[in-house]
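The values are calculated or read from the model by the stated rules, or taken from the named source; none is laboratory data. In this text the structure is predicted, and so the values were computed from the model without any measurement. When we count neighbours, we look across all protein chains shown, and the Cβ atoms used for this are built from the backbone with ideal geometry, even at glycine. Side chains are part of the model used for accessible areas, which takes the heavy atoms of the whole protein and leaves out ligands, DNA and RNA. Shrake-Rupley method; radii C 1.70, N 1.55, O 1.52, S 1.80 Å.
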Amino acid sequence: MSRKIQKILVSQPQPTVAKSPYFTLAEKYQLELDFKPFFTTESVSAREFRDQKVEILDHTAIVLTSRTAVDFFFKMVGELRLTMPDTMKYFCGSEVVATYLQKYIVYRKRKIFFAEKGQTSELAQIILKHPKEKYFVPATEESHKDELLQAMESKNIAYTRSVLYRKINQTFTKEEIESYDMLVFFSPNGIDSLIENVPDYAQGEQLIGCFGDGTAKAVEAKGLKSAVAAPSPMFPSMAAAIESLLVAKK
């Protein structure tokens, strides 16, 4: 890690709160931080959803691995004019996702489970403890069968994977990507978009930070190396993980 970190691309929308830890990092370490998602998402239409011949209310549990999944799930629920029963269970990829549910439901009145460490393997183990539920799993058009679904299948747990939203890659030039000392990703889709934008991408001394198990595995699958990952007991947030690199390079 000999490359000095001065310019970082964070693949998320710019924070709307003034006290964001990213802004604190930028000021403290005199960084140039750019916030540009590598992709955007859009909902499938209610008609497209109906064409999948899936009934949400035929299920007893919902699997939500991101806040994006939460938003598009409840958007579709609204468009279909469904009322979610109080008995519905929610299995979330992290505490952040579970807490985000409060935007749509009365949290204290629902049965909500989440992976405390934000790890896919942990969420899989929680689900495996509730084998009699029938799970509804929101997905994107581009997503494939992942570790979570494979674990559920191995134990013959009933689930329905349904496409609720699609990914639209943003455009970046090779020169733009190479101008950054560090790229920070929060989804495997971001890694896919990077390679689509720069098919001959060579990491070299450029640093990569990744948030979440799935993102870390996507980085590795592309033959790349992550300099730091979150969440973890040591780095609960991506900002904390980035600061650890900055301190190490002082």
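Considering only protein heavy atoms, what per residue accessible area in square angstrom results for the chain with a 1.4 angstrom probe? Walk me through the numbers before you get to the answer.
Numbers: 13480 Å² over 250 residues.
About 54 Å² of surface per residue is accessible.
Probe radius 1.4 Å, ligands and nucleic acids left out: which of 107, 135 has the largest accessible area, and how do the rest follow?
Numbers: 107 70, 135 0 Å².
Ranking 107, 135 by accessible area, largest first, yields 107, 135.
Net charge near residue 171: determine it from the other residues with C-beta under 11 Å of the C-beta of residue 171, scoring Lys and Arg +1 and Asp and Glu -1.
-1
Can you give me the relative contact order of the range 42-167 as a percent, contacts being Cα pairs under 8 Å and 6 or more apart?
Values: 198 pairs, mean separation 39.2, N = 126.
RCO, the range 42-167: 31 percent.
How much of the accessible area of the range 1-128, in percent, comes from carbon and sulfur atoms when a 1.4 Å probe is used? Working shown, then result.
Values: 3530 of 7430 Å².
Exposed carbon and sulfur together represent 47 percent of the surface.
Once the other residues with Cβ under 10 Å from the Cβ of residue 100 are scored (Lys, Arg +1; Asp, Glu -1), what is the net sum?
Values: positive: 67, 103; negative: 71, 95.
After counting each charged neighbour, the total is 0.
Can you tell me, using C-alpha contacts under 8 Å and at least 6 residues apart, the relative contact order of the chain as a whole percent? Write down the numbers at each step before the final one.
Details: 410 pairs, mean separation 54.3, N = 250.
Computed over the chain, the figure is 22 percent.
Separation of the range 36-68 and the range 146-178 by C-alpha centroid, Å?
After rounding, the separation between the Cα centres reads 12 Å.
Starting from the amide H of residue 208, placed 1.01 Å from N in the peptide plane, find each other amide H under 5 Å away whose residue is 5 or more places distant or on another chain.
HN-HN under 5 Å from residue 208: 183, 227, 228.
How charged is the neighbourhood of residue 162? Take every other residue with its Cβ under 12 Å from the Cβ of residue 162, and add Lys/Arg as +1 and Asp/Glu as -1.
Numbers: positive: 50, 53, 161; negative: 48, 51, 55, 58, 141.
Net of charged neighbours comes to -2.
Just give me a number: lysine pairs in the range 42-167, eight or more positions apart or cross-chain, with C-alpha atoms less than 19 Å apart.
Total qualifying Lys-Lys pairs in the range 42-167 comes to 22.
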